[in-house]
Structure formats: structure tokens, C-alpha cells
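The values are calculated or read from the model by the stated rules, or taken from the named source; none is laboratory data. Because the structure is predicted, anything quoted here is derived from the model rather than measured. Because the Cβ atoms are built from the backbone with ideal geometry, glycine has one as well, and the counts that use them run over all protein chains shown.
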Amino acid sequence: MDRRRFMRTSALGVSAVASSPVSLAGPLQTRRWPIIMSTWDHGVAANTVGFDLLKKGRSALDAVEKGVMEVESDPKVRTVGIGGYPDREGKVTLDACIMKADGACGAVAFLQDIKNPIAVARKVMEETPHIMLVGQGAKQFALQNGFKEEELLTRAAKKDYQEWLKTSDYKPLINIENHDTISTLAIDEKGVMAGACTTSGAAWKMHGRVGDSPIIGAGLFIDGEVGGACATGLGEEVIRTAGSAMVVEAMRYGKTPQEACETIVNRMIKKQQNLQGFQVGFMAMDKNGQTGAYSVQKGFTYALKSDTVEELAEARYLIKK
Ligand code: SD4
């Protein structure tokens, strides 16, 4: 296995036996939490913020929300939040969702001018009878809830857009460099899991296009009885296979998180024969904090942080050239 690691890395060990009455983990399972895991290299920044909150006794929900907000708010990250690549009309449109172990969830899609879509998604979950708000309605809801309207197309993103306009070359297949959604899964001190997923979506997409990231069951799925999973990469393929929900189902029926990610990538590949440049990665965590990750192509990295492990690793992958 190809694994790139840095910082302090040590093996996950038996640290305690789950005994909390509110824990969703079985009483005899090995406790591996608090733990947090995020997609891609920028997952390190999300984990730093999120793990700090977990250690202060805050909920997994707070940890995943605040963790990914760190990345949404960083204009240097070109695939999430402010500074994200725009669509073919030069508009930055954002998608995000958040989910708790008990099935509560919220999402926003095609949201413009608001840099932290994940916080709006949480508000949708907590303050409305709905799960998803989109476009103008999502923006109106955000403004009513105190979010600030901001220009999300930074100077750097505008420059790239103008460069892109010269050819306007749009391929719906993924370019591995321009798709780096942040998804985060965490289990808090009480053994409760939550997840978050947020993105500016595919660069140069059609105006109005929404990918998998805000769709519960596609970009993210959490079931406290089993665990959680999230996706990154070409959203159309993830939606087609109900990706994250299927990874969780595979765990429900006995697969480890690693096996579950591999099973669903393999299933996806059976349906989609055009593998040129097409990347999807899944990341999974079971309710005990065991983790796994797998992608179609080389290059999908994820960051993991707990009391005993802090690493940035490259996931195993299917297509060996
Ligand atoms: C999308 N899945 O909009 C997102 C993009 C992505 O890593 O994940 N990038 O299709």
C-alpha cells in the first residue's frame, strides 16, 4: 500500500473500552474516539480545528462543522467556499450538507455569495422542517439568519476563469486537480458520530449544476448504528451509485470500512467503463472509529487525527497503470 505520512504518526492502540451509556458503540468494542477524518491535504486544517473542539468535549457536529468552515473560509483553497473555481458563467456556486448519527440532516445547493454553506446547512437542519434549500431560497434563508453576503470570486479565481474562457474547454470528466471537496467524519467523547461535506463543485460546470456533495446518501451518509461515509470526485458517478449510503450499507452487512469503500468503487467501475481521468474517492468510519478509504485513481489523500494517530495518508486505489 502506498502511504504518505507526516507529522506524529503512531499505530492506533487499544486506549479504552467503550462504557459510556450514551455511546452508540457496542460495549465490547475497542474505543478509538474521539477521532476525526477529512478528505485531501486540506483535511489537516479541518482536523486541527475539529479535534481541538472534540478534546474540549464539544459534539462531533460542532467539530465537523467548524472543521470544514476553516477550509471554506480559506481563499487559497480553490475547490471549497470563498476562492472556489466558478462555473462557466463565472459564478461561484456552493453545495454542502451535514448529518448526525440520529439521521438529522440539512443541506444547501447552488448557494451564491455566502462563504460558509456548511453553517447554512446546519441551520436548515436545526431551524426548518426541511432538509435542503437551494439557490435564491437558500441565500434568502442565510441572509435572514445573519449570514453576510460576500463576493466569493477572488482575484485569483477570476484570473483562472479568464484563462479558461480562452478555450472554454469543458470536459465533464474529472480533472484530478480541480476537485477537492472537503468531507469530514468525526466521533466525539460520547461516542456519537457526525459528518459534513462542502464544495464549490466541478470547476467550469454548467450554471445550475449540482453534484453529489449536498445530497444525503450520495456525498455523505451517517447512521449511528453503523458508521458514516463520504465521497469526493466526479459527483455524477457518486449520485448514480448512491455512493456514501451504499458504503454504509456494506458496513452494516459486515464489511470493514476499507472493504466497504472498495466494494462500492468496484461497483461504480462496473457501470462506468470510461475511466480516463475519472476520479472518485470514498472515506468511511465505523461507529467504533475504524477507518477506510479507497479511490478509483491514484492521488486521493485523507487526514486522520485521534489521541494516538495524526497522519496524512494516500488512499489505496483501483486503477494501476
Ligand atoms: C462534485 N463531488 O461537485 C464534487 C466535487 C468534488 O473533490 O468532490 N471534489 O462533483
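Structure above, values below:
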{"quantity": "Members of region 144-159 that are in contact (Cβ under 8 Å) with a residue 24 or more places away in the chain, of a type outside the set (V, I, T) and over 18 Å from R209 (Cβ atoms)", "calculated": "N145, F147, K148, E149, E150, E151, A156, K158"}
{"quantity": "Residues (in a helix (DSSP H, G or I) and free of Cβ contacts under 8 Å to residues at least 60 places away in the same chain) located in region 117-134", "calculated": "A119, V120, K123, V124, M125, E126, E127"}
{"quantity": "Helices (runs of 4 or more DSSP H) completely within region 217-321 that count 1 or more residues being more than 16 Å from the ligand (Cβ to nearest atom), closer than 24 Å to V68 by Cβ and in contact (Cβ under 8 Å) with a residue 12 or more places away in the chain", "calculated": "243-252, 257-271"}
{"quantity": "Within region 206-216, tally of residues that are more than 13 Å from the ligand (Cβ to nearest atom) and either part of a strand (DSSP E or B) or out of contact with any Ser or Thr (no Cβ under 8 Å at 6 or more places or on another chain) (or both)", "calculated": "1"}
{"quantity": "Answer residue from region 156-200, given it is at pLDDT below 95 and of a type in the set (D, E) and is surrounded by the most Cβ atoms within 10 Å (Cβ to Cβ) among those", "calculated": "D180"}
{"quantity": "Residue selected from region 94-115 under the condition among the small types (G, A, S) and more than 16 Å from the ligand (Cβ to nearest atom), by the criterion surrounded by the fewest Cβ atoms within 10 Å (Cβ to Cβ)", "calculated": "G103"}
{"quantity": "Flag if G43 is of a type outside the set (A, V, I, L, M, F, W, C), buried (at least 19 other Cβ atoms within 10 Å of the Cβ) and within 16 Å of the ligand (Cβ to nearest atom)", "calculated": "yes"}
{"quantity": "A203 being buried (at least 24 other Cβ atoms within 10 Å of the Cβ) and touching a helix residue (DSSP H, G or I) at 6+ places or on another chain (Cβ under 7 Å)", "calculated": "no"}
